[in-house]
Amino acid sequence: VQAMGSFAKAWSQLGNIAAARLAAPATSNSSRGILQASVENKTGLSRMLDSTLREGHDMKTFGLGTAASLASVERYARFTAAMYHVYTAMESSLDAAKSPAVAPFWSSFGGDLRRSDALALDLADVAASPSSHPPTPATRDYMRAIEAAGAKDEEDGGGRLIG
């Protein structure tokens, strides 16, 4: 049995495999197929708030986490379901808000910022649903924190839910 050869030869062979995979048609349930079929779903204020995301997160870490969520349909479904549960908790808290700091904002921009319905449709695209991926303990903790912020806003008229 002969050894593979040099690192350069192995690297070249890996490159040939990657090139062949990229040249092959993407299937709708592959990570590449999901990315190719995706469309931008943010408009108006939601799109402008993306700058807040970039300023408030380490985008390298955030990007790696997002890329990992696209590694398979199952990971994509888990990630999207977690986002669905978080957005549902947030939207429910904002819908119920009477705080003078929150209610006018949500009344004006809630239509642009809602994501839970779009996330449910994204899950349906990969034959999944929110109920097929219940919240993890970490997601439940995040949902409870959102609900607690909403309750505190109601107590003191604050605006924790909006920033």
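The values are calculated or read from the model by the stated rules, or taken from the named source; none is laboratory data. These figures come from a predicted structure and were not determined experimentally. Using ideal geometry, Cβ is built from the backbone for each residue, glycine included, and neighbour counts are taken over all protein chains shown. Keep in mind that these areas ignore ligands, DNA and RNA; they rest on the heavy atoms of the full protein, side chains included. Shrake-Rupley method; radii C 1.70, N 1.55, O 1.52, S 1.80 Å.
Using square roots of five times the C-alpha gyration tensor eigenvalues, list the equivalent-ellipsoid semi-axes of region 71-116 in whole Å, biggest first. Provide the component values of the computation, followed by the final result.
On the way: eigenvalues 158, 19, 6 Å².
For region 71-116, the ellipsoid semi-axes come out as 28, 10, 6 Å.
M83 accessible area, nearest 10 Å², 1.4 Å probe?
The accessible area comes out at roughly 60 Å².
I need the trypsin sites (Lys or Arg not before Pro) found in region 69-133, filtered to DSSP loop residues with at most 15 other beta carbons within 10 Å of theirs.
Numbers: sites: R75, R78, K98, R114, R115; in loops: K98, R114, R115.
Passing both the DSSP loop test and the Cβ count: K98.
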